[in-house]
Amino acid sequence: MKIDTTAKDLCKNTDYNNECIAAILPDLQKQAEGEGGDGGIAPKDVMRMEAESLLKKANATLDYAKRVVEDRKTPMPVKEAMSVCVENYDSLISGLEDAKMAMEEGDYGRLDSVLSAAISDVSTCSDNFVDIPDVDSPTASLDDLMKKLCSNVLAMSQKVQNR
C-alpha cells in the first residue's frame, strides 16, 4: 500500500517514525479503500489517527493491567505496583479524551499539556517496578509503545500548529 504523503511527512518528523506509521496504517488503509484513491489526508486527520491509536492501546493496556491485578497467581508486590498502573492508565485515558477535545477545538496548548501529562502517567507505572527485585512490569513493552505514541502526537501537534 502506498502511504499518503502527508502521513509520511508528519511521521518522518517524529522521533518514532516506524511506530507512527504502524499506528495509523489501519486507518490509512480504511481511508484508501473508502475513497478508492489518493485523495490526500489533512495533517490534523493524521494526528487524530495517531491519537486514536494511542487511546486504543491505552484502553487495551488498562484492561490487561486489571486482569493482572485480579489474577490470583500474580505475586502481591506486582499486584500492588499494577494497582498504581491501573490508576495511572485511568488518568491517561481521561487525559487522552481531553486531548481529543483539544484537537477538535484547535487548543494546541491544552493538547500539549495533556500529552505531556500522559507521558508522565505511563512513566509512573514503569517506575513502580524499579524497586521490585527481579521483576519487570508486565506492561513494560506496552508502556514503551504508549510513550512513543504520545511523543509522536506531541511532535505532530507542533508541526500542525506551525503550518
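For this structure, a couple of remarks:
- Taking all Cα pairs closer than 8 Å and separated by 6 or more residues, the relative contact order of the stretch 5-162 comes to 31 percent.
- Compared with the dominant Cα axis of the chain, that is its longest principal axis, helix 17-35 is turned about 50°.
- Portion, in percent, of the accessible area of the chain that falls on carbon or sulfur, probe 1.4 Å: 47
- Dividing the mean sequence gap of close Cα pairs (under 8 Å, 6+ apart) by how many residues the stretch 3-59 holds gives a relative contact order of 46 percent.
- Note, ³J(HN,Hα) from phi for the stretch 135-147, Karplus 6.51, -1.76, 1.60, rounded to Hz, x at Gly and Pro: 10, 9, 4, x, 10, 4, 5, 5, 4, 4, 5, 5, 4
- Within the same chain, lysines fewer than 8 places from Lys73 are excluded, and of the rest, those with a Cα less than 25 Å from its Cα are Lys57.
- Highest-MSF residue in the chain out of Ala32, Ala23, Ala81 [GNM, Cα springs under 10 Å]: Ala32
- Centre-to-centre, using Cα atoms only, the stretch 1-80 and the stretch 100-159 are separated by 13 Å.
- On a per residue basis, the stretch 5-162 carries 51 Å² of accessible surface, using protein heavy atoms and a 1.4 Å probe.
- Rounded, prolate or oblate (a/c below 1.5 giving rounded, otherwise prolate when a/b exceeds b/c) for the stretch 28-148 by Cα gyration tensor: prolate
- Between helix 108-127 and the chain: long-axis angle, C-alpha atoms, 0 to 90°, nearest 10: 30
- A cut-off of 5 Å between modelled amide H atoms, ignoring neighbours fewer than 5 places along the same chain, links Thr14 with no other residue.
- Mean residue ellipticity at 222 nm, helices only, the chain: -27000 deg cm²/dmol; runs of at least 4 DSSP H residues each add -39,500 (n - 2.57), and the sum is divided by the number of residues.
- Restricting the stretch 68-135 to trypsin sites (Lys or Arg not before Pro) that sit in a DSSP loop and have at most 13 other Cβ atoms within 10 Å of their own Cβ leaves Arg72, Lys73.
The values are calculated or read from the model by the stated rules, or taken from the named source; none is laboratory data. Worth saying up front: this structure is predicted, and the values here are computed from it rather than measured. Don't worry about glycine lacking a Cβ; one is built from the backbone with ideal geometry, like all the others, and counts go over all protein chains shown. Note: accessible area is taken over every heavy atom of the protein model, side chains too, but ligands, DNA and RNA are not part of it. Shrake-Rupley method; radii C 1.70, N 1.55, O 1.52, S 1.80 Å.
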